[in-house]
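Report on the following structure.
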Amino acid sequence: MPCCHEAAWWGKGLAPSIFNHSNRFRLLFKKGDGTEFSNYRPISFLNSFSKIIEIIIYKRLYCHLHDNNILVNDQYGFREKLSNETATNTLLNNVLSSLDKKNPARGLFCDLQKVFDCINHEILLAKMEFYWISGIANKLMRSYLENKYQRISMKDSKPNKLSSKWEHVKHGIPQGSISGPLLFLTYINDLSLSISKLANPIIFVDDTSIIISNTNSEEFKNNINSVMTEIINWFQSNLLTLICNKTHFLQFLTKKQNEIKIQIIAPNSVITNINSTKFLGLIINNTLSWKDHIAALTSKLNKTCHAIREIKPFMSLDAFRMIYFSYVHSVMSYGIIFWGNSHYSNSIFKIKKIIIRIITNTRSCDSCHQLYKQLKMLSLPSHYIFSLLVFVNKNRKLFLSNSEIHDMNTRFNYNFHLPPTNLTLVQKGVLYSGSKFYNHLPLNIKILSNDAKRFKST
């Protein structure tokens, strides 16, 4: 039987031949000019049987990396109980903590060039050997990586399927494979270790962001250039390319802080100093006011609002609810725990009310209070508080309870300790606001905190 034959190969450290071929379609548009070939991400399509085997590889590799605490805490991508929300919260908390101490906080946001396609197999296998993935396991991974062939397949306007000839893959990890992301995490795992003494890296797969802070202004400037030198050296040693003209430097400021004039030199270029940047889908500006992100969100929701108005005569109420949750609620939910309490969010609040009135065919002067109940929806402030409390309960280890501060048995033992701060910007952050809202919950709800589903539904 073929399966038994392939299983015999595994015992010898050889990847089954069914793994060796994959089709690539340049289908996924990333960003930028749609006519530029480089702005499309190549995705590999593997056959179903190889995906089943890859799941086994993935689970065993992940268990090994997780159980032995090999993956660094600074990596948030493709890991259980970690997400873009926890990565964003870590970045913002690092910034707010520095600003609260009146220290300068600066962010270096790196852009890498086609990292999945540039992975060097020998370097990856050497790193896996270092992480105790050796013997037959390492031999198996070598066979898996080095015996791959791929071709480009696409359809023309007829449509007829067109394919290039099969070519040997000399480097890179197939995008679209199950084990690919975890192999990449292994490859990039030691990046943060090279700079952790100088800065706080936050890495989400290949999105590398670095927060730098220091009480001494001269040491601060030296640290920034030292960090830049270290990461450039790391990328060069690992045969990856940092796109310097797309790598940005952002100075976070309070109202009382002045911008520090500093120039970061990279090979053949100077790193651009900017006032806002996109981080995991959120536009973060240097004052953390969320003005730019909410402006972009407002523009997107206005277009959705116009589309809903146009299709209003043809849709039932149930259909409208589905459209609302697909195109409005999902967009509003993303990152709401970070921008939901900004005073700029009032524009989103107004758009949501307009959409609700369109759906229910009510007048602009009618109150939305009963309409939210009728449609079983939350208002924007309620949506923000609910999302924040769910995040707090899911990430309780990030918060300090009163019982951890003292051993006295008081009625406030279930409450979180509010970190002392006089900075309004910090008080609007997730750590402070989340603790505050959680402390106002009734005791019977706090007791349910260990049961996430009941806590959320209550």
What is the range 234-370's relative contact order, in percent, from Cα pairs under 8 angstrom and six or more apart in sequence?
20
Test of the criteria: in the range 142-221, which trypsin sites (Lys or Arg not before Pro) are in a DSSP loop and have at most 15 other Cβ atoms within 10 angstrom of their Cβ?
LYS165, LYS170, LYS197
Using alpha carbons only, how many degrees (0 to 90, rounded to 10) separate the axis of helix 217-237 from the longest principal axis of the chain?
30
With 28 Å as the limit, write out which pairs from LYS101/LYS352; LYS127/LYS170; LYS373/LYS453 have Cα-Cα distances beyond it, or answer none.
LYS101/LYS352
Candidates [x] 26.3; [y] 28.8; [z] 30.4; which is the computed mean projected area of the Cα convex hull in nm²?
[y]
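Which FRET efficiency value, to the nearest 0.05, is calculated for LEU239 and LYS397 with the Förster distance at 30 angstrom and r the Cβ-Cβ distance?
Efficiency at R0 = 30 Å is approximately 0.25.
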On the accessible surface of the chain, probed at 1.4 Å with all protein chains in place, carbon and sulfur together account for a percent value of 54
Can you return the aspartates and glutamates within cross-link range of LYS246? Criterion is Cα-Cα under 16 Å, with same-chain partners fewer than 8 residues away left out.
ASP33, ASP111, ASP206, ASP207
I need the shape label for the range 186-302. Rule: rounded when a/c is under 1.5, else prolate if a/b > b/c, else oblate, with a, b, c from the alpha carbon gyration tensor.
oblate
Separation of alpha-carbon centers, the range 75-103 and the range 181-202, rounded to whole Å
15
From the convex hull of the Cα coordinates of the range 355-430, what is the mean projected area in square nanometres?
8.0
Where only protein heavy atoms count, and the probe is 1.4 Å, what is the accessible area per residue for the chain in Å²?
54
What's the FRET efficiency of LYS102 with SER364 using the Cβ-Cβ distance as r and R₀ = 41 Å, to the nearest 0.05?
0.30
Restricting to lysines and to Cα separations under 23 Å from LYS446, and discarding same-chain partners fewer than 8 apart, the set is LYS81, LYS394, LYS397, LYS428, LYS436, LYS456
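The values are calculated or read from the model by the stated rules, or taken from the named source; none is laboratory data. On a predicted model such as this, the values are computed, not experimentally measured, just so you know. Virtual Cβ from ideal backbone geometry, glycine too; neighbours counted across all protein chains shown. Heavy atoms of the whole protein, side chains included, go into the accessibility calculation; ligands, DNA and RNA do not. Shrake-Rupley method; radii C 1.70, N 1.55, O 1.52, S 1.80 Å.
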